[in-house]
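First comes the structure, then the notes that go with it.
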Amino acid sequence: MSPTANVISTENGRSVHTAAAVRQRPVFPFTAIVGQEEMKLALLLNVIDPKIGGVMIMGDRGTGKTTTIRALADLLPEIEVVADDPFNSHPSDPELMGDEVRQQVAQGVDLPIVLKKVPMVDLPLGATEDRVCGTIDIEKALSEGVKAFEPGLLAKVNRGILYVDEVNLLDDHLVDVLLDSAASGWNTVEREGISVRHPARFVLVGSGNPEEGELRPQLLDRFGMHAEIHTVKEPALRVQIVEQRTEFDQDPQAFLERYQAQQNEMRQKLVDAQARLRQVVIDPDLRVKISQVCADLDVDGLRGDIVTNRAAKALAALEGRTEVTVSDIRRVVTLCLRHRLRKDPLESIDSGYKVEKVFNQVFGEAPTDT
């Protein structure tokens, strides 16, 4: 059942609607989250440039992984989608449209547009491939001659965030499917000679506890960034976190109002960064040095080079600049490379010391005190 919608504006002769206000559970504001800067930065950069390839977050239980990801999805501005479309099709970008919508646009059909929150899908551990990718009703297809496609979670999460908690416990085949879709931006379902394809452009976020095992190096390498989070040790900071959570639980509305200005500011910052990203440039000499770092660390393939370049550009865009600096690269290089050093599944992931050391050697930088 689709939500009722109200016309809010008319653009270029087409009506844009927004779903009527629905009472939702309040979400803890992103700007109120204390600490875990590494995780927050990695998530923001992936929102600015989803082609970075997602984030793998590994850390202790109870450190706010799920809270932070839900807060990020809630922070993002609403997006325009074609009304009643199962794939959240973009009204003008063919790369983000389902086949049916693309055909209607090509024919000049005036499609109704609605504004909706960025979708955030929490993938259950027991999900089957059919539930994730969708399935084709072969009987209906053969008897009626139509492609009877039942969309899965990848259709629902197009243009959104897919969160997989305990991704290290998920079946390797399913992780492979998710990573393939995240990299290509498309999901293809084939059954008995019938093929259906739809857009599946999303930010993939996986989390897990290292005590329960790591992903295989081949799968881990496919994640763009790897963030480590740890339990806060400083007593004063722990007290602040507990007090904030208590205040939020007691009166969510008052707590949200207190952070509304900061939320609006961060939301606008992300919108501006996404628009600025195309203008950001990185000096050829810095690109060579990034590749030198990857070579000296013996990183397999070129994903490390590509992701580090993309992440540095996204960081520059986030901070309102159009030129990447050495400082930008320093801040993202560990996040982009630490999980690519592990050759043996039994090895643990480097905390960042090796990456930092080689970075300093190549860039001629003095070590930081962090």
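The values are calculated or read from the model by the stated rules, or taken from the named source; none is laboratory data. These figures come from a predicted structure and were not determined experimentally. All Cβ positions, even for glycine, are placed from backbone atoms using ideal geometry, and neighbour counts span all protein chains on display.
Side notes on the structure shown:
- Scan of the range 196-244 for residues that are charged (D, E, K, R) and within 19 Å of the chain's Cα centre (by Cα), ordered by number: 201, 221, 222, 228
- The residues listed here are 167, 177, 189, 157; of these, the one that is in contact with an Asp or Glu (Cβ under 8 Å, 6 or more places away or on another chain), aliphatic (A, V, I, L, M) and under 17 Å from residue 129 (Cα atoms) is 177.
- Enumeration of residues in the range 37-51 that are of a type outside the set (Asp, Glu) and within 16 Å of residue 306 (Cα to Cα): 42, 45, 46, 48, 50, 51
- Filter result (in a loop (DSSP other than H, G, I, E, B) and either under 27 Å from residue 177 (Cα atoms) or assigned by TED's automatic domain parsing to the domain that holds residue 207 (or both)) within the range 108-127: 117, 118, 119, 123, 124, 125, 126, 127
- Filtering the range 196-209 to residues that are out of contact with any Leu (no Cβ under 9 Å at 6 or more places or on another chain) and modelled with pLDDT of 80 or more leaves 196, 197, 207.
- Residue 302 free of Cβ contacts under 8 Å to residues at least 24 places away in the same chain, within 18 Å of residue 219 (Cα to Cα) and more than 19 Å from the chain's Cα centre (by Cα): yes
- Taking the conditions (1) at pLDDT 90 or above; (2) surrounded by fewer than 20 Cβ atoms within 10 Å (Cβ to Cβ) in turn, residue 56 satisfies each one other than (2).
Residues checked against (1) assigned to a strand (DSSP E or B); (2) free of Cβ contacts under 8 Å to residues at least 24 places away in the same chain; (3) closer than 30 Å to residue 338 by Cβ; (4) not hydroxyl-bearing (Ser, Thr, Tyr):
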| site | (1), (2), (3), (4) |
| --- | --- |
| 57 | yes, no, yes, yes |
| 68 | no, no, yes, no |
| 71 | no, no, yes, yes |
| 77 | no, no, no, yes |
| 80 | yes, no, no, yes |
| 84 | no, no, no, yes |
| 88 | no, no, no, yes |
| 92 | no, yes, no, no |
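- Only one of the numbered conditions (1) touching a helix residue (DSSP H, G or I) at 6+ places or on another chain (Cβ under 6 Å); (2) assigned by TED's automatic domain parsing to the domain that holds residue 148 is not met by residue 90, and that is (2).
- Here the range 274-320 is the region considered, the condition is being touching a helix residue (DSSP H, G or I) at 6+ places or on another chain (Cβ under 8 Å), surrounded by fewer than 21 Cβ atoms within 10 Å (Cβ to Cβ) and among the basic types (Lys, Arg), and the residue that is modelled with the lowest pLDDT is 303.
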